[in-house]
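Here is the structure we will look at.
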């Protein structure tokens, strides 16, 4: 078994984006660090009207399919752990119409990481069967949807 190549976020702008502005280059838990990189992005988008937030996140998803495909091909590894643009977008999906406040940011973070790591059905099969940039992005989109449902249920239970 050969070692995976190191990610090179400063190699070019596509690698920088795919590696979550460099967060994917962390030697341990790059997905967690990639999700942390999503926090300031969410902060920038949190005040948008819901329709504009959704259009923006959809655009980031579509761009991510191309970006992740390109960088995955450059690295010669499908879904290299250092590619974390999918985590950024997945967290933004989780936080759609989220309650305000740092507590909810943290709850959304924990829920997204939980579903991204555990990959319950259908996330796991999608992760294994869908390849290329779409495959890299799709399992995190689904994890974001699962986490979004959990966040919304908790918000209802605890009165936003």
Single unsatisfied condition, residue 88 versus (1) assigned to a helix (DSSP H, G or I); (2) at pLDDT below 95: (2)
Here is a check on your reading of the model: is residue 56 farther than 19 Å from residue 130 by Cα, under 10 Å from the mean Cα position of the chain (by Cα), assigned to a helix (DSSP H, G or I) and modelled with pLDDT of 95 or more? no
Filter result for residue 57 (out of contact with any strand residue (DSSP E or B) (no Cβ under 7 Å at 6 or more places or on another chain) and closer than 22 Å to residue 104 by Cα): yes
Within region 114-137, how many residues are surrounded by 20 or more Cβ atoms within 10 Å (Cβ to Cβ) and touching a helix residue (DSSP H, G or I) at 6+ places or on another chain (Cβ under 6 Å)? 6
Residue list for region 62-82, filter: modelled with pLDDT of 95 or more and within 16 Å of residue 37 (Cα to Cα): 64
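Conditions tested, residue by residue: (1) closer than 24 Å to residue 111 by Cβ; (2) surrounded by 17 or more Cβ atoms within 10 Å (Cβ to Cβ); (3) touching a residue at least 12 places away in the same chain (Cβ under 8 Å).
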| position | (1), (2), (3) |
| --- | --- |
| 28 | yes, no, no |
| 38 | yes, yes, yes |
| 43 | yes, no, no |
| 61 | yes, yes, yes |
| 76 | no, no, yes |
| 86 | yes, yes, yes |
How many of the residues in region 12-26 are assigned to a loop (DSSP other than H, G, I, E, B) and touching a residue at least 12 places away in the same chain (Cβ under 8 Å)? 4
Are any residues in region 130-144 free of Cβ contacts under 8 Å to residues at least 24 places away in the same chain and over 13 Å from the mean Cα position of the chain (by Cα), and if so, which ones? 130
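The values are calculated or read from the model by the stated rules, or taken from the named source; none is laboratory data. Computed from a predicted model, the values in this text were never measured in an experiment. Please note: Cβ atoms are built from the backbone with ideal geometry, for glycine as well, and neighbour counts cover all protein chains shown.
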